[in-house]
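*Asks:* There's a structure below that I have some questions on.
Just so it is clear, none of the values below were taken in a lab; they were calculated from the coordinates. Every value quoted in this text rests on a predicted model; they were computed, and no experiment measured them. With ideal geometry, Cβ positions are generated from the backbone for all residues, glycine too; neighbour counts draw on all protein chains shown.
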Amino acid sequence: MTGRALLHRLGQMLFVLWVVTTLLFFLFRLMPGSPLAAYIDTSMTPEQQAILMHQFGLDRPLHEQYVLYLVNLLHGSLGYSFIYKEPVGSLLLAALPNTLLLTLSSLLIAYAFGILAGAFLAARRGTWIEAVSLPFVLASRALPEFWLGMVLLAIFSFAFGWFPAGGATSPGASFPNAWARFTSVDFLHHLVLPALTLAIFLQGLPLLLMRSNMLEVMQEEFVVMSRIKGLSEWTIIIRHAARNALLPVATALALGIGSSIGGNVVVESVFSWPGLGRRLVEAVSASDYPLAQGAFLMIATAQVVMNCVADLVYATLDPRVGQR
Amino acid sequence: MRATHPTRRDVLAGASAALAVPAIAKADTAGDAIRPLNLIARPQAVDPAQYQAAQLVMQQWRKLGLKINLQVMPPTQQSTAVWMNRTKWDMTTWEMVGRPERSDPDELTYSLFHSSLAPHGYDFVGYINPEYDHLAEAQRAELDRDKRVALVKQAQMVIKRDQPYVYLVYPRRSMAFNTDVWDPATVSEEAGIGIRNFWTFLQAKPLSTQKDMILNATQATQTLNPVHMDPIGSWVTDMIWDHLVRVDIHGNPINWAASSLTWLDPTTLEVVLRDGMKFHDGTPVTAEDVQYSFEMPQTPGKAPQFFPNVVNIDKVTIVDPKTLRFALKAPQSSFLTSTLSKIAIIPKHVWQPIMQSLAGTTQTAEDYVEEKRIGSGPFRFVHWHDPEEIMLERNPDHWAPPLLERWILRTVSNQEATLGMLRNGEINFLAIFTGDPQNVADLAKQQSNIKVVTTTDLGFQYIAWNLRRPPFDDAGFRRALSMAISRKLMVAAAWNGFAEPAGSCVSTALPFWHENDSLLEGGDLSKAKQMLAKAGYVLAGGELHYPAGKREEITSG
């Protein structure tokens, strides 16, 4: 990709983000329900309501609020959360690392397993192994995550007591810094069950994608050619076919990373994981506009950026794409 | 449109004559058919019991010939619809939650039904009755306890007569703890609140090496601020910051940071402070701090939530280093509970600079996020790992130090997992449970070391109707509809037995204040029909009509 093409791509990205920002701004304000609903109390008077409206900036005309929001955004400020009374940025950053570690580790497990198992199943086409394992893969994709999570909890936490049932660290745990926390045995111990649940849910896509690509690639002439050359079957599968079949999986992974920023509401709720997904739900249900806008904007940014990354990766993996 | 009504009604009236309630006047003397009425409710997933109650209520009222539509809305939308557009709704499910300061009946008795609060305040149903206003004001000013009880009970009977709400139930809530960890004799049940209360946290005695109380909360805490109330955060702030008075387990105010309280006259209260109190930073609690604690929320616009609690205070003067005098604008019988037990004692040397920095900005004291939270309460703030946990530790320098070492509040979103965690020791105190209470009861049956305590709540569940809109402006109509609803059925079918029938805003959890005769058992459909007929309503063509001459003036939407 040339420098100009890259600039063009960046320009597109910014435009998309501006559209998203605008949509989010108006969408949340069109939503029924006022942020003041959270403040209803026997003692609330109209004067106090007015104070709150003024303080939230909701007494200004909508277009003024919008311009102010954009200006603040350009200054890097996402505003203050109505319910938490703290800067949206720091609220999101408090939950983001937990979410990223959970989703990225499960993506890693899911894609490593999915790619290998997909290639393997393609090689075993038509055998009893395929007949037995495919239904399992399909079933694991269809399983509701909360159900799977509850089953894992019932077995590994409540029956065997091997893993804790909720949270990211033990009660009262304190760490000198974030790095010490994320690399502690305690954190990893808490991470196992939610990551496993999410990985089981996620592995179906790369596995099936890999398998069907492999089946296609295995029919191509260069594979036939390799066979004629007398290469071993595994050499053909791993070194020649799998590399070609990986392309769509790489795209799926990039998009998967993008969407993982938003967290996973279901898994986070089942395992009481202190992540972004639940914070998002709270923000929306309390009509906390700044927090909800900030969170969705962050998710959208991650998606757009990872989309771009996927394109770039594609160009690297498949030189034909870049030439066009 | 309207011109065609009589003809249609006449035709239908003949056909339904057999179905009509006996002794009903002829249909041609009736008014317009009552429009389809809307009942607002929260989604089933948010509150299954309340949703079920709405369904049962609709079933009964349809049998009276009413058309009822259910409008399901998420909580914030419901609040907005009911609160901010006061003329635009018909009926809604609603609840009043129990808080310790509501153990004095004043707040609910006054705020819910006093006509001054109808336009914008808590009388959102628009109940206006001078007779009631008089009783509500009289009980507020009455300092003689027995006389006040009589007034509060009288007020409840007026409400029974007028039925501005369809009271349904006082829910019963279950909390539990591990008896291997906590001595059951030291866990106290507070009337209307349950075992999750200040006294339990203060007195719970550890029986093993586990000296940390680990509790669950269903949602993340939003704020930990002494002048802001938060559904979960208030459990925490109540322990970090002390109060002059605290509400005891029977719901009565008792001296706490105050060693004595003396009414010099109906509007002057003299308070003597306890000796040797210290803030967590080591500085002594002085009369200046206490004075400032009550003056700060009076700053216009800076502490909106607590402002109403101090609005009746004219002046707080310091008599000597241990003694203060509160001068009130008007006599207020609930002053100890609604103000002294509610206002946190804050250090002046911390908050005065904060307030100075906030002056002239839109930021309020409620929004200020402290790094160190300095109070003088029996627990000290340690950390808040948002959104995972909040941790406090015992304050050994307090004059009534707790027995437990650390108090750790964990956010546990998965209700079913909460019970598993209680069983395997990840938590040792179930502070809140929003799932089916039967599951908690079952757990205690399986595990001998889990004790469940179920408490009738101070709060209550009800259907509110908009008294500004016909037909709800007619007390006769309201009484009849209320008569059709069986409270016993509500308890059994909607709350699975975990509730008590309700008849007034003063819960049975407060037997001292509760009027037993306020309960309308209901469930008598034929009586309800008779009452409607007596009030002039006519059932014709399966539809209930207004009394003769009355027009439907609201188009249903």
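*Asks:* Any idea what angle helix B:525-534 forms with the longest principal axis of chain B, computed on alpha-carbon atoms, 0 to 90 degrees, nearest 10?
*Replies:* Taking the Cα atoms of chain B, the angle to B:525-534 is about 70 degrees.
*Asks:* Counting just the Cα atoms, what span does region A:77-187 cover along each of its three principal axes? Round to the nearest Å and put the largest first.
*Replies:* 60, 38, 27
*Asks:* Next question, about the same structure. Determine the relative contact order of chain A: mean sequence separation of Cα pairs under 8 Å and six or more apart, normalised by residue count, in whole percent.
*Replies:* Here the relative contact order equals 30 percent.
*Asks:* What are the ³J(HN,Hα) couplings of region B:418-433, residue after residue, when phi is run through the Karplus curve with 6.51, -1.76, 1.60 and θ = phi - 60°? Round to Hz, x for glycine and proline.
*Replies:* 4, 5, x, 5, 5, 5, 8, x, 5, 10, 10, 8, 8, 8, 7, 9
*Asks:* Pairs of Cα atoms under 8 Å, at least six residues apart: use those to get the relative contact order of region B:421-526, whole percent. Provide the component values of the computation, followed by the final result.
*Replies:* Values: 86 pairs, mean separation 26.1, N = 106.
Value for region B:421-526: 25 percent.
*Asks:* Once you order the gyration tensor axes a ≥ b ≥ c over the Cα atoms, which shape class does chain A get: rounded for a/c under 1.5, otherwise prolate or oblate by comparing a/b with b/c?
*Replies:* Since a/c reaches 1.5 but b/c is at least a/b, the shape of chain A is classed as oblate.
*Asks:* Hey, got the Cα dimensions of region B:317-374 along the principal axes, in Å, largest first?
*Replies:* 35, 25, 22
*Asks:* Please list, short to long, the whole-number percent of alpha-carbon pairs of region B:31-185 in consecutive 10 angstrom bins beginning at zero.
*Replies:* Per 10 Å bin, starting at 0, the Cα pair percentages come out as 9, 29, 32, 20, 8, 1, 0.
*Asks:* Here's a follow-up. Is there a quick way to get the dipole size of the protein assembly as shown? I mean about its Cα centre, with the Cβ of Lys and Arg at +1 and of Asp and Glu at -1; what is the value in debye to the nearest 20? Can you show the working numbers first?
*Replies:* Values: 73 positive and 78 negative charges, 475 e Å.
Dipole magnitude for the protein assembly as shown comes out near 2280 debye.
*Asks:* Hey, another quick one. Counting pairwise Cα distances across region B:414-480, what percent come out greater than 14 angstrom?
*Replies:* On the way: 1502 of 2211 pairs.
Result: 68 percent of Cα pairs exceed 14 Å.
*Asks:* For region B:280-388, what is the convex hull volume of the alpha-carbon atoms per residue, in Å³?
*Replies:* 134 Å³
*Asks:* Arranged by the count of other C-beta atoms within 10 angstrom, fewest first, what order do B:Arg99, B:Arg145, A:Arg279, B:Arg62 take?
*Replies:* Exposure proxy ranking, most exposed first: B:Arg145, B:Arg62, B:Arg99, A:Arg279.
*Asks:* Classify region B:80-147: rounded, prolate or oblate, from the alpha-carbon gyration tensor (a ≥ b ≥ c, eigenvalue square roots; a/c under 1.5 rounded; otherwise prolate if a/b is larger than b/c)?
*Replies:* In terms of gyration-tensor shape, oblate.
*Asks:* Counting only complete DSSP H runs, which helices of chain A cover 20 Å or more along their long axis at the Cα atoms and score a mean Kyte-Doolittle of 1.6 or above? All intermediate terms of the calculation are to be shown ahead of the outcome.
*Replies:* Details: long enough: A:3-30 (41 Å, 1.37); A:88-123 (50 Å, 1.87); A:128-142 (22 Å, 1.11); A:185-202 (24 Å, 1.82); A:242-260 (25 Å, 1.06); A:289-317 (41 Å, 1.26).
For chain A, where a helix must reach 20 Å along its axis and average at least 1.6, the hits are A:88-123, A:185-202.
*Asks:* Consider all pairwise Cα distances in chain B and report the whole-number % of them above 44 Å.
*Replies:* 24 percent
*Asks:* What are the extents of the Cα atoms of the protein assembly as shown along their three principal axes, listed from largest to smallest and rounded to whole Å?
*Replies:* In descending order, the Cα extents are 105, 84, 61 Å.
*Asks:* Let me ask something else about it. Kindly put B:Thr209, B:Thr93 in sequence by how many other C-beta atoms sit within 10 Å of each C-beta, fewest to most.
*Replies:* Placing the least packed residue first, the sequence is B:Thr209, B:Thr93.
*Asks:* Using the Cα atoms of region A:51-123, I'd like the radius of gyration and the largest Cα-Cα distance, Dmax, both in angstrom.
*Replies:* Gyration radius and largest Cα-Cα distance of region A:51-123: 21.3, 69 Å.
*Asks:* While we're here: For B:Lys451, which lysines qualify as cross-link partners when the Cα separation must be under 17 Å and same-chain residues fewer than eight apart are set aside?
*Replies:* Output for B:Lys451: B:Lys205.
*Asks:* What does the charge dipole of region B:86-184 about its Cα centre add up to, to the nearest 20 debye, if the Cβ of each Lys and Arg holds +1 and the Cβ of each Asp and Glu holds -1?
*Replies:* Taking the Cα centre of region B:86-184 as origin, the dipole is about 260 debye.
*Asks:* Here is a follow-up. If I fit a long axis through the Cα atoms of helix B:5-15 and take the longest principal axis of the Cα atoms of chain B, what angle between them do I get, 0 to 90°, rounded to 10?
*Replies:* The helix B:5-15 is inclined about 80 degrees to chain B.
*Asks:* In region A:45-171, with Lys and Arg counted as +1 and Asp and Glu as -1 at Cβ, which of these residues, A:Gly149, A:His75, A:Thr169, has the Cα nearest the positive end of the dipole, that is, farthest along it?
*Replies:* Value computed over the given set: A:Gly149.
*Asks:* Still on this structure, please answer the following. Hey, what's the Cα Rg ratio for region A:195-324 versus the globular rule of thumb, 2.2 N^0.38 Å?
*Replies:* Expressed relative to 2.2 N^0.38 Å, the Cα Rg reads 1.42.
*Asks:* Would you work out which of B:Tyr368, B:Ala327, B:Pro347 lies farthest towards the positive end of the dipole of region B:315-398, given +1 charges on the beta-carbon of Lys and Arg and -1 on that of Asp and Glu, about the Cα centre?
*Replies:* B:Ala327
*Asks:* Using the crude model of +1 on Lys and Arg Cβ and -1 on Asp and Glu Cβ, and no other charge, please compute the dipole size for chain B relative to its Cα centre, in debye to 20.
*Replies:* Using only the charged Cβ atoms, the result is roughly 1820 debye.
*Asks:* Another question, then. Can you work out the base-10 log of I(q)/I(0) for region B:394-511 at q = 0.09, 0.14 1/Å, using the Debye formula on its C-alpha atoms alone?
*Replies:* Results for region B:394-511 at q = 0.09, 0.14 Å⁻¹ read -0.45, -0.84.
*Asks:* Semi-axes, largest first, in whole Å: what does sqrt of 5 times each Cα gyration tensor eigenvalue give for region B:186-342?
*Replies:* Semi-axes from the Cα gyration tensor: 28, 18, 16 Å.
*Asks:* Fewest Cβ neighbours within 10 Å first, please rank B:Arg406, A:Arg227, B:Arg173 accordingly.
*Replies:* Details: B:Arg406 17, A:Arg227 13, B:Arg173 24.
The order, fewest Cβ neighbours first, is A:Arg227, B:Arg406, B:Arg173.
*Asks:* Separate question: Between helix B:145-162 and chain B, what is the angle of the helix's C-alpha long axis to the longest principal axis, kept within 0 to 90° and rounded to the nearest 10?
*Replies:* 30 degrees
*Asks:* Can you tell me the order of B:386-395, B:530-539 when each peptide is scored by its average per-residue count of other Cβ atoms within 10 angstrom, highest first?
*Replies:* Highest to lowest by the protection proxy: B:386-395, B:530-539.
*Asks:* If you take the alpha carbon radius of gyration of region B:337-449 and divide it by 2.2 N^0.38 Å, what ratio comes out, to two decimals?
*Replies:* Scaled against compact globular proteins, the figure is 1.43.
*Asks:* Among B:Ile240, B:Asn178, B:Asn225, which residue has its Cα positioned farthest towards the positive end of the charge dipole of region B:146-292, with +1 placed on the Cβ of Lys and Arg, -1 on the Cβ of Asp and Glu, and the dipole taken about the Cα centre?
*Replies:* B:Asn178
*Asks:* On to the next question. Near B:Lys211, which aspartates and glutamates are there with a Cα under 16 Å away, not counting those fewer than 8 places off in the same chain?
*Replies:* Partners within reach: B:Asp180, B:Asp183, B:Glu393, B:Glu405, B:Glu426.
*Asks:* Moving on. List the pairs from B:Lys160/B:Lys534; B:Lys147/B:Lys329; B:Lys147/B:Lys322; B:Lys160/B:Lys488; B:Lys88/B:Lys550 whose alpha-carbon separation is above 28 Å, in the order I gave them.
*Replies:* B:Lys147/B:Lys322, as the Cα separations exceed 28 Å there.
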